[in-house]
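Okay, structure first, notes after.
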Amino acid sequence: MTEQSEIQVFLSYASQDRERVLPVYEYLVTNGYPNTWIDCKKLLGGQNWDLEIKRNLGKSQIIIIFISNSSVNKRGYVQREIKIALKYLEEKLSDDIYIIPVKLDSDAVLPDELSSRQFVDLNSSDSLLKIKQSLDSQMENLGFEISYNDNVDEIHVRKQVRQESWEGLPGYKVEFTLPRFSSTRFKNLDEITKIIEARFIQILHSYRSIKLEQSLDRFSFAQNEFFRTDIYDAYYESIFHENSFLSILYTVYWHGSGAAHPNYGFETFNFMLNPLIEISDIKDIFNDADNCFEKIVGYVRKSLLEQKKERFEKWEFTEEEEVKENNPDRDKDSDIIEQSTFHQEMIYSNTETWEAFSAFSFSKNGLVISFAPDQVGCHAEGAYSVEMPYDFFSKDIKRDIRYALSLNIYD
């Protein structure tokens, strides 16, 4: 399994062109590429500048080389950086956009070493967008999928997909997505990725243990691969950001080898961002969790019962159920009472403690509680979710969390 660190972009230019290059640097660091390296911003006093430039040139995934009329004719570090970059280029895939030439002067002539590569003219109206599109393309080649939220000035998120599989009896396939955050406003957002990654790596290790538990009497390589493979797939379905609060909802799918049907559920991760604090237990968002439990659970149960009623009104009956439905001797009132009692008991018995609300997240409108199939209903019913509006419980939330969510503050 490969793992990519935060991508680094190296800016190579002649010193006399610095003022024309700096706007590009500022654009990149505020539009999803905060790890952009430029000597005038990154070199510290006392550092060996020659060593640091070579080191960062070597560790960068992308090098943007700025060409002007003056730099082309000047012997110096730009020419050396081009040679080093070309050396590293030999190790890259043919479709990698590893070097991006950018013309500072439209009539500048590209060095022979770069003449075969598509360039960007910084004097064109969409030059910054073209540079960013080139970077995004390279990100995808490196295994990242680009996705930004609407508020690009505060938080950027890139999606990285990690996969691992092994053929065995049974084998396994594990895949999960990781959001990689960056921000000019909030610090330590990389810790969010580490927390999420640690959770899924723990699960990955449990799947790897299948190698020690092979069942040659149950499985054969002659069987369909799907039948003899344990599958786990986790992807984040939504990321909600409000002020200094971040909430991430994952849908998790798994299918055991030889199992009759797949299952799915939810994982959630919630964070205050300033300072960065994970809120891993729903009780931690309330001033007095014990005293407000009946209020919260009452709302959840009522919503679940209403959703169940609506679902069963639209239920498509199987042939066997259709016969029963149309049976003239059937006591429909008795059946309705029996079904209502059954579903109410199922909801009530599975929402007796805070542990039932472990998959909690936040949205624009309120607190969202997600329930996996089989948790508050039959598997065929599928999953349920309850969105509780902030107005209903905002007075019960801790003051700092209300601030983080930009809710009205009640003293």
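The values are calculated or read from the model by the stated rules, or taken from the named source; none is laboratory data. Since we're looking at a predicted model, the values are computed, not measured. Using ideal geometry, Cβ is built from the backbone for each residue, glycine included, and neighbour counts are taken over all protein chains shown.
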Report task. Among what's in region 208-235 and is polar (S, T, N, Q) and without any contact (Cβ under 8 Å) to a residue 12 or more places away in the chain, pick the residue that is farthest from PRO262 (Cα to Cα). Result -> SER209
Requested in this report: With the condition kept exactly as written, say whether any residue in region 243-251 is surrounded by fewer than 16 Cβ atoms within 10 Å (Cβ to Cβ) and over 25 Å from ALA404 (Cα atoms).
Outcome: no
Query raised in the report: Looking at region 99-109, which of its residues are of a type outside the set (Asp, Glu) and either crowded, with 16+ Cβ neighbours inside 10 Å or at pLDDT 90 or above (or both)?
Result: ILE99, ILE100, PRO101, VAL102, LYS103, LEU104, SER106, ALA108
Query raised in the report: Within region 356-371, is even one residue in the same structural domain as VAL297 (by TED's automatic domain parsing), charged (D, E, K, R) and free of Cβ contacts under 8 Å to residues at least 60 places away in the same chain?
Result: no
Query - Filter result for THR177 (loosely packed, with under 15 Cβ neighbours inside 10 Å and either in contact with a Phe, Trp or Tyr (Cβ under 7 Å, 6 or more places away or on another chain) or not assigned by TED's automatic domain parsing to the domain that holds THR36 (or both)) - result: no
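Taking region 249-278, which residues are polar (S, T, N, Q), closer than 18 Å to ASP190 by Cα and over 16 Å from the mean Cα position of the chain (by Cα)?
First pass over region 249-278, keeping only residues polar (S, T, N, Q): 251, 257, 263, 268, 270, 274.
Adding the requirement that they be closer than 18 Å to ASP190 by Cα leaves 268, 270, 274.
ASN274, the sole residue that qualifies.
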Query raised in the report: Which residues, taken from region 255-296, are charged (D, E, K, R), in contact with a Phe, Trp or Tyr (Cβ under 8 Å, 6 or more places away or on another chain) and surrounded by fewer than 20 Cβ atoms within 10 Å (Cβ to Cβ)?
Result: GLU278, ASP281, LYS283, LYS295
Query raised in the report: If you take the residues of region 113-150 that are under 16 Å from ILE99 (Cα atoms) and in a loop (DSSP other than H, G, I, E, B), which of them is modelled with the lowest pLDDT?
Result: LEU142
**Report entry** Flag if ASP153 is modelled with pLDDT under 75 and outside the structural domain of PRO23 (by TED's automatic domain parsing)
**Finding:** yes
Query raised in the report: Within the bounds of region 236-257, is there any residue that is assigned to a loop (DSSP other than H, G, I, E, B), in contact with an Asp or Glu (Cβ under 7 Å, 6 or more places away or on another chain) and either at pLDDT 95 or above or closer than 22 Å to LEU204 by Cα (or both)?
Result: yes
Query - Failed item, numbered, when LYS41 is tested on (1) at pLDDT below 90; (2) crowded, with 20+ Cβ neighbours inside 10 Å - result: (2)
Query raised in the report: If you go through region 285-305 one residue at a time, how many are charged (D, E, K, R), without any contact (Cβ under 8 Å) to a residue 12 or more places away in the chain and more than 15 Å from PHE371 (Cα to Cα)?
Result: 2
